[in-house]
Amino acid sequence: MNVIRPPQPVLDKRGEPHVRRFEAQRWLLDNIIRANGIDWDQPRSLYLSGPCGNEANADFAGIRERVKKMADIGPAFEAVARRREAKAKAAEEADRRVTARDNYFMAAVHWGAAQWPYDQNDETNIAYNNKKRECYAKYAALADHHVEAVWVPFRGKAIPAWFHLPPGYKGGRIPAVIASSTAAWRCYRSTDRDNTKRP
């Protein structure tokens, strides 16, 4: 496997992107969120909570309760991510590896979700991205199967990814599965602010 030096996020000092209609009608989006909750346009709290398991149900119920407008999203997920990360660290110190692993995984999911409302690579977004990768790397170190960070070469740059082998893998041929998501694209965009086209 080729080792590629991971690109670092680029701090964007141009300021937040401005879209006149979005700014003028922000009150409308906030009213929709207030009336319908964080899942106003898609079931994000469901697809984010799914991989976390039942233990995360209370996390997402609290987030759904706390978010009343767009500006609440990042801080709500950040608060839960910090709590999960603290729980993971305490479990790791007590040598409760499975509890630590699960909480690092949930913290990584929450840090990634905290990035969602940010359209600029400012200090907050980059800090959330770094915490997401840090927590997922700690999950990977405790996982019940081999997991490692990789960078996939793409058009002269690199896309962040995580390479997983099945539990108990001893060698031999296995299928390669490459999964992508908007979250993965957001990670890629965080390393290159000049790229404005989605593949």
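The residue that is modelled with the highest pLDDT, counting only those in the stretch 146-169 that are of a type in the set (G, A, S) and surrounded by 14 or more Cβ atoms within 10 Å (Cβ to Cβ), is A161.
Residue selection: N121 satisfies the criterion of being farther than 21 Å from D144 by Cα, of a type in the set (S, T, N, Q) and assigned to a loop (DSSP other than H, G, I, E, B).
Scoring A107 on the criteria (1) surrounded by 14 or more Cβ atoms within 10 Å (Cβ to Cβ); (2) in a loop (DSSP other than H, G, I, E, B); (3) hydrophobic (A, V, I, L, M, F, W, C) leaves a single failure, condition (2). Listed by first and then second residue, the pairs with beta-carbon distance under 6 Å, at least 6 apart or on different chains, first residue in the stretch 126-151 and within 15 Å of P166 (Cα to Cα) and in contact (Cβ under 8 Å) with a residue 24 or more places away in the chain, second among the hydroxyl-bearing types (S, T, Y) and surrounded by 19 or more Cβ atoms within 10 Å (Cβ to Cβ), form an empty list.
D72 satisfies every condition listed in (1) assigned to a helix (DSSP H, G or I); (2) of a type in the set (D, E); (3) closer than 23 Å to A127 by Cβ; (4) touching a residue at least 40 places away in the same chain (Cβ under 8 Å) except (4). Within the stretch 64-85, the residues that satisfy the criterion of being under 18 Å from G112 (Cβ atoms) and out of contact with any helix residue (DSSP H, G or I) (no Cβ under 7 Å at 6 or more places or on another chain) are I73, P75, A79, R82, R83.
The single condition from (1) at pLDDT 80 or above; (2) outside any loop (DSSP other than H, G, I, E, B); (3) surrounded by 11 or more Cβ atoms within 10 Å (Cβ to Cβ); (4) not small (G, A, S) that F22 fails is (1).
Being outside any helix (DSSP H, G or I) and among the acidic types (D, E) is the filter; apply it to the stretch 32-64 and report the residue that is modelled with the lowest pLDDT. Among those that are outside any helix (DSSP H, G or I) and among the acidic types (D, E), it is D41. Taking the criterion of being of a type in the set (S, T, N, Q) and at pLDDT 95 or above, would at least one residue in the stretch 88-100 satisfy it? The answer is yes, given that some residue of the stretch 88-100 is of a type in the set (S, T, N, Q) and at pLDDT 95 or above. Give me the residue from the stretch 68-92 that is under 18 Å from the mean Cα position of the chain (by Cα) and farther than 14 Å from A107 by Cα and, out of that set, surrounded by the fewest Cβ atoms within 10 Å (Cβ to Cβ). Step by step, filter the stretch 68-92, then rank; the result is A71. On inspection, R14 fails the criterion of being basic (K, R) and in a helix (DSSP H, G or I). Restricting R173, R133 to those that are of a type in the set (K, R) and more than 30 Å from G15 (Cα to Cα) reduces the list to R173.
Scanning the stretch 94-109 turns up no residue that is closer than 24 Å to R26 by Cα, in contact with a Lys or Arg (Cβ under 8 Å, 6 or more places away or on another chain) and small (G, A, S).
The values are calculated or read from the model by the stated rules, or taken from the named source; none is laboratory data. Just so we're clear, the structure is a prediction, and the values are computed from it rather than from any experiment. Don't worry about glycine lacking a Cβ; one is built from the backbone with ideal geometry, like all the others, and counts go over all protein chains shown.
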